[in-house]
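One structure below.
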Amino acid sequence: MSAIVQVRELSRWYGIVMGLNHVSFEIGPGLVGLVGPNGAGKSTLIQIITGQFRPSSGTLTVFGEVPWNNPRLLRRIGYCPERESLPRDLGPVDWLHGLGRLSGLRATEARARAERLLEKVRLPREHWAKRLSQYSKGMRQRVKLAQALLHDPEFLVLDEPMNGLDPLGRQEMAHVLKELAAGGTHILISSHILAELEALCREFVILNWGRVLASGTRDTLRTDVQGWSEQLQVRCDQPEKLARVLFDAGVLRGFQLAPEGDWLHLEVRDPEVFYQRWLELLLASGVVVGEIRSESRSLRQIFDKVTA
Amino acid sequence: MTSLAAPNNAPAADPKPGVPGLGSSLAGLWVLSWRGFFAWRRAPLWLAALVANPLLAWLSLPDGESTGFLHWNVHLYVGLLMPLYCLVVCGAMIRDEVQDDTLAFLVTRPLTRARLYLGKYVCQLAWLQCVFLVNGLLLLGVGLLRDIPEAPSLASRVLLAGILAALVYGALGGVFGLLTRRYIVLGLVYGFIVEVGIGHIPTNINSLSMLRHLQDLLAGHPAVQTRYDWSADGSGTGVLIILGTTLTALVVGAVLFTWKEFHASHEALK
Amino acid sequence: MALHDIRYRHWEGRHIGVWQRRGVIAFSGLRACLQNRWTRYLVGFCWLTALVYVGLLFCIGQLLVADSIIVEWAANLNPQLQAFVRALTTWLEQHPEISVRVAQGLLFYHYATFLITAALVAVALAIPHLITRDLGSHAMVVYASKAINRFDYLVGKAGVVGGLLTLTWLGPVLASWLLGNLLAPNWNFFWHSRVPLGHAVLFILAGMAFLSVLALGVSAVSSREKATVGLYVALWLVGSALEPLGDISRPWVKQLSIRYDLQQLARVVFQPEQDLRIAQEKVPIVGEVLRGFGRRPRAPWPPAPAATTWPALAIFALLSTGVILTRTKPE
Amino acid sequence: MLRRVPGPVIETHGLLKRFGRFVALDRLDLRVEPGAIGLLGPNGAGKSTLLKCLLQLHPITAGTAKLLGREVGREGREIRKRIGYTPEQDCHIPGMLGCEYVTYTAQLCGLPFEAARQRAHEMLDFVGMGQERYRKVDTYSTGMKQRLKLAQAIVHDPEVLFLDEPTNGLDPRGQVQMLDLVRRLWQEHGLTVVLSSHLLHDVERVCEHIILLARGQVLVQDSLARLKERRRGAADVVVSHRQSEVAQGFRARGWPSEVLPNGHVRVEHGAPDLMPLLDCLRSLGVAPLEIIPSPNVLEEMFVKALEGAHGPA
């Protein structure tokens, strides 16, 4: 499948402040995660995609069209902003109804859809009569997601959609998003909680200082990152012994005994060989293992390496 | 690209909404706006807008005192309260959304920015017309209660002035609201310089003052004419000028809104 | 990374008192107000007017000595005028108490009421810095989590208005009194001017207290600067538009104007008509002059409507207090 | 520099808070000893309300609450001198410089100006804010605002620190730094920290004690170590592929096992260490990337505890 968003030499400046600086990349179909430190340009990118800002130079197209002031394209995009402000005087159904009319739904259809979506995002019915200003953070996130889905968009742009949700809410939200993705909707999510994004997305775009540092799936990202190596942490009763056994077997590039006691940090020479032999060696050594961690494969490790 | 045009398993029973028509977008904006006008939170404000002016008039005017009644209508109501209220209501229409950080929900909808702006204007206008209609009728009632002989004949002109004032000051207020977040200050400066200053000094450009044309309209009433010694001629062209100004302001506003980006984070607190 | 080397330290020391904390709020708010260019211009302007009044006081003082520059200057102009001035001077010299008291009383009445407009502008400039911004930026929560309570907070914020009004209103008046009497020909001017000074201070302090409450009330109405300043300006504009109407219709309409109320308060405190009456009775020439000048029959003025002024001020103050108490309630 | 307060920090008896008809806190009995305490709960469980009641930002409807042995509601100024609070939302005063703001808040707590100024800079150093402190707070990024909020909460050297979602909006690196700061405040300097958060990971990293609220009531109050103890014998196994096969293999050994939505294989092997598990994996011919014992204790506790209390979820 071809790319949903195509970015060519895009720059965006706010006066003298930099938002995005001369970036070119593509955002593919499916669930894509957008990560980067604060001020990396994520919001700028999202706001250009959803037609709120224009590029200072270069082009950004979604489905081959420029988003600014383009109803034909905006019809196909759903957007959930990061900030939690909502209109103060409306209830959720009225709000969604009004926005639904603005999205081209007929009156009866808009109301029915509003109610269906509120159920879909699991906003308990007892809260429907309340005004939005009385909503807690979690409820706000749900309503915001509902309004993004009103016109059944093909491309969904979500800025920090999990923020302020409790763990159950996060699970539910992730479930809804996966369901949508399975139904063929393309979704771009920005988030600071890397572990969650990792569980959700197939592909990632990493931004920093207004530039795209890396993009691709987790595996391609890992091979692209310079200086990456497979690393393991093992908690066991005799770290020295385990280290000696493994080192003697020649599968390690290096190791380190953690100062706090029973942790052993391993740096692997060749992952393929290592994983073939490592269980044997471990069980033969007689060391009792309590925990094995390998953060080096996680998005967080890649992120740290890339943005360092 | 074509493969992306529709998700492969979109439910058949649920046809994709298209770009909204004019009626649909107006209806949507009205649904979003009207509760804001009547919110309990703002009850003091809209109560004041609807009844404070006639109530104060009723309390303060003695029976049969037509000078006071005329002064109230011409100077206080048409000359001050009307423009001020239009400025406040229409200046806020976009600016409030920016400051509440809710504009993003509107501009990411599938309608052109110009239509969004004009739709918002129409909603605010409807509210203004309601307020001025109620005010005008209540003032008529006050006039009748206080035995003012000119009250019935003046009422129609005051109501007409209300309609025109809402049109033109609403459009101007909208532009001010787009230009700066201190639109009230801008509006007051404009009021003092153009409406009061230029309007009252005999210059070549004093037809720039909308207030002048509105008061010309009122001066068509003989009592006002004798009381204030105003000439009533040319009120027909006055209406045309008002409508022309409205149109110009609306076009300027729509173009400005189509072109301008709004950065909510910069002024969320201001 | 450097930040890991920096350690947290405990603090053992004496805490400052609650009045000092209130003072901190007032001082910090005042500084925020003065960061605005226009506020600084306004303060500057007020102190410049003080110089003008010092000049006037100086002239009046010179009238009371026989061989002053004014007498000489009058001689240069016209011998007849000199004779008149000399006669006046002689008479005034004999009754310094009355002349100083009456002259300064009228002058300070005029000055204090003249500065009402400046004070109202100052309040408009101060309103956003009082409660509005704290409501808008949630700073209220921070205040509430510190070692102060709501009353302390309000006292501190009232101190902001008080401070600003001292700079634009009380300060210039006091300074002009001090400088003007230092430039006077005789030390006993200080003693003779005690009544006008007392009136001025009393009036301005009362006005300041009223304006502080009003400003806090308006400022607590909304969390948006635009709304609160707008409300204040609207109150002012509509009030002044209603003032002329009071002559046509019922007089209490005038009372809706804050400026008018403050002016009436000044009338009640200063009693300028009494000063004028004394001048007319005791100084025949002055009476003549006044009658000659005053084509408008200024004296006797209509009595100040104290009966309606007090309730008007009280209603405004009560409304503000109500707003303050409901809006600054914790959540 | 370790200074620890003796006696319970928070004590409530029948603490009741109503908003209209809605009961936010339902006769809460709580006794909290000094430590690093994590306050958990779903949206609307009453976490923020509890903090605000303790800080007297909300009046209490009924019952009593004591902070540091003093009755809340009577000795407001005295209590608040000894506590710090970082609210959830932004709370800076626009127009002020960063260091000016922290100095100001210190003075509000009763520090004399010289001490306030000095401590403001020390605390800004502590939270890792550099030259940005001389900029206006309006221009700060989310990360800097969070740091500033922490600085203003500890500048007057409180004994108890209440943190409401301190990592909200921070980028990954900022989250780690912030949590590290909070952890050190308790471990190295003896400030009791009450951390309210949705991110269970955060709480697990910093806190030793857990309080779980739901529907205005305390569901769980225990130390994290003890909670982990309960879940001994369960583990998450991360393998790069063949997940279902691995789960199948575990089940063949009689261990309940399933593949979780995030691709991990959850297994309850029941042994005190991982050796039987590793043995089984060897026989399956799969090398594990990670084995996490007693995984997601908090999350599971959370879900379990709430199944009754939480509505339709």
Just to check your reading of the model, which residue among D:Arg266, D:Arg282 is among the basic types (Lys, Arg) and within 11 Å of another protein chain (Cβ to nearest Cβ)? D:Arg282
Note down all Cβ pairs under 7 Å where the first residue falls in region D:52-74 and is within 11 Å of chain C (Cβ to nearest Cβ), the second is hydroxyl-bearing (Ser, Thr, Tyr), and they're at least six residues apart or on different chains. D:Leu55/C:Ser145; D:Leu55/D:Tyr85; D:His58/D:Thr49
Quick one: how many residues across region A:57-87 are surrounded by fewer than 18 Cβ atoms within 10 Å (Cβ to Cβ), in contact (Cβ under 8 Å) with a residue 40 or more places away in the chain and at the interface with chain B (Cβ under 7 Å from one of its Cβ atoms)? 1
Is it the case that some residue within region B:77-92 is within 14 Å of chain A (Cβ to nearest Cβ), under 30 Å from A:Gly98 (Cα atoms), in a helix (DSSP H, G or I) and in contact (Cβ under 8 Å) with a residue 12 or more places away in the chain? yes
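Okay, residues lined up against (1) at pLDDT 85 or above; (2) in a strand (DSSP E or B); (3) among the hydroxyl-bearing types (Ser, Thr, Tyr):
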| residue | (1), (2), (3) |
| --- | --- |
| A:Leu158 | yes, yes, no |
| A:Met162 | yes, no, no |
| A:Met173 | yes, no, no |
| A:Ala195 | no, no, no |
| A:Ala199 | no, no, no |
| A:Leu207 | yes, yes, no |
| A:Val212 | no, yes, no |
| A:Gly216 | no, yes, no |
Restricting to region D:36-64, and then to whatever is part of a strand (DSSP E or B) and under 15 Å from D:Val160 (Cα atoms), can you tell me which residue is farthest from the chain's Cα centre (by Cα)? D:Ala36
Yes/no for D:Val297 being crowded, with 17+ Cβ neighbours inside 10 Å and in contact with a Phe, Trp or Tyr (Cβ under 9 Å, 6 or more places away or on another chain): no
Would you call A:Glu196 open to solvent by less than 20 Å² (accessible area, probe 1.4 Å) and acidic (Asp, Glu)? no
Can you give me the number of residues within region B:93-137 that are away from chain A (no Cβ under 14 Å) and in contact with a helix residue (DSSP H, G or I) (Cβ under 8 Å, 6 or more places away or on another chain)? 14
For region A:232-269, which positions are within 13 Å of chain D (Cβ to nearest Cβ), within 33 Å of the chain's Cα centre (by Cα) and more than 24 Å from D:Ser283 (Cβ to Cβ)? A:Gln233
Would you check if there is a residue in region A:203-224 being surrounded by fewer than 20 Cβ atoms within 10 Å (Cβ to Cβ) and within 14 Å of chain B (Cβ to nearest Cβ)? no
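Here's a check for you: in region A:284-302, which residue that is facing chain D (nearest Cβ under 7 Å) and either modelled with pLDDT of 80 or more or not in a helix (DSSP H, G or I) (or both) is nearest to the chain's Cα centre (by Cα)?
It comes out as A:Ser294.
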Specify the residue that is modelled with the highest pLDDT; the eligible residues are those in region A:222-272 that are among the polar types (S, T, N, Q) and assigned to a loop (DSSP other than H, G, I, E, B). A:Gln238
Would you mention how many residues in region C:193-207 are out of contact with any Phe, Trp or Tyr (no Cβ under 6 Å at 6 or more places or on another chain) and surrounded by fewer than 21 Cβ atoms within 10 Å (Cβ to Cβ)? 7
Yes/no for D:Thr86 being buried (at least 22 other Cβ atoms within 10 Å of the Cβ), of a type in the set (Val, Ile, Thr), under 24 Å from the mean Cα position of the chain (by Cα) and over 19 Å from A:Asn38 (Cα atoms): yes
Identify the single condition in (1) free of Cβ contacts under 8 Å to residues at least 24 places away in the same chain; (2) crowded, with 17+ Cβ neighbours inside 10 Å that D:Pro256 does not satisfy, given that it satisfies every other one. (2)
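Which helices (runs of 4 or more DSSP H) sit wholly inside region D:96-174 and have at least 2 residues that are within 30 Å of D:Glu33 (Cα to Cα) and among the β-branched types (Val, Ile, Thr)?
D:98-108
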For region D:112-131, give me each residue that is at the interface with chain C (Cβ under 7 Å from one of its Cβ atoms), touching a residue at least 24 places away in the same chain (Cβ under 8 Å) and not small (Gly, Ala, Ser). D:Arg119, D:Phe126
Determine, yes or no, whether D:Gly98 is open to solvent by less than 10 Å² (accessible area, probe 1.4 Å), touching a residue at least 12 places away in the same chain (Cβ under 8 Å), more than 10 Å from every other protein chain (Cβ to nearest Cβ) and closer than 25 Å to C:His129 by Cβ. yes
Using the structure shown, decide if D:Arg18 is modelled with pLDDT of 80 or more and open to solvent by 40 Å² or more (accessible area, probe 1.4 Å). yes
Scan of region B:143-167 for residues that are open to solvent by 70 Å² or more (accessible area, probe 1.4 Å) and closer than 30 Å to B:Leu118 by Cβ, ordered by number: B:Ser156, B:Arg157, B:Leu160, B:Ile163
For A:Leu281, state whether it is more than 28 Å from A:Pro167 (Cβ to Cβ), open to solvent by less than 50 Å² (accessible area, probe 1.4 Å) and in a strand (DSSP E or B). no
Test each condition in (1) more than 25 Å from A:Val62 (Cβ to Cβ); (2) crowded, with 22+ Cβ neighbours inside 10 Å; (3) among the charged types (D, E, K, R) for A:Arg131 and report the one that comes out false. (2)
Of the listed residues (B:Ala223, B:Ala171, B:Ala166), the one being in a helix (DSSP H, G or I) and at pLDDT below 80 is B:Ala223
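On the phi > 0 side of the Ramachandran plot and open to solvent by less than 10 Å² (accessible area, probe 1.4 Å): does that describe A:Gly19?
No.
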For region A:101-115, give me each residue that is over 10 Å from B:Pro20 (Cβ atoms) and either free of Cβ contacts under 8 Å to residues at least 12 places away in the same chain or within 7 Å of another protein chain (Cβ to nearest Cβ) (or both). A:Ala107, A:Thr108, A:Glu109, A:Ala112
Looking at (1) open to solvent by 20 Å² or more (accessible area, probe 1.4 Å); (2) at pLDDT 85 or above; (3) over 24 Å from C:Ala112 (Cβ atoms), find the lone condition where C:Ser219 falls short. (1)
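Here's the yes/no breakdown for (1) closer than 30 Å to D:Pro288 by Cα; (2) more than 12 Å from every other protein chain (Cβ to nearest Cβ); (3) open to solvent by 20 Å² or more (accessible area, probe 1.4 Å); (4) not hydrophobic (A, V, I, L, M, F, W, C):
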site: D:Met144; (1), (2), (3), (4): no, no, yes, no
site: D:Leu213; (1), (2), (3), (4): no, no, no, no
site: D:Val220; (1), (2), (3), (4): no, yes, yes, no
site: D:Arg230; (1), (2), (3), (4): yes, yes, yes, yes
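The values are calculated or read from the model by the stated rules, or taken from the named source; none is laboratory data. As the structure is a prediction and not an experimental result, all values here were calculated from the model. Every residue, glycine as well, gets a Cβ built from its backbone with ideal geometry; the counts of neighbours run over all protein chains shown. Accessible surface areas use protein heavy atoms only, side chains included; no ligands, DNA or RNA. Shrake-Rupley method; radii C 1.70, N 1.55, O 1.52, S 1.80 Å.
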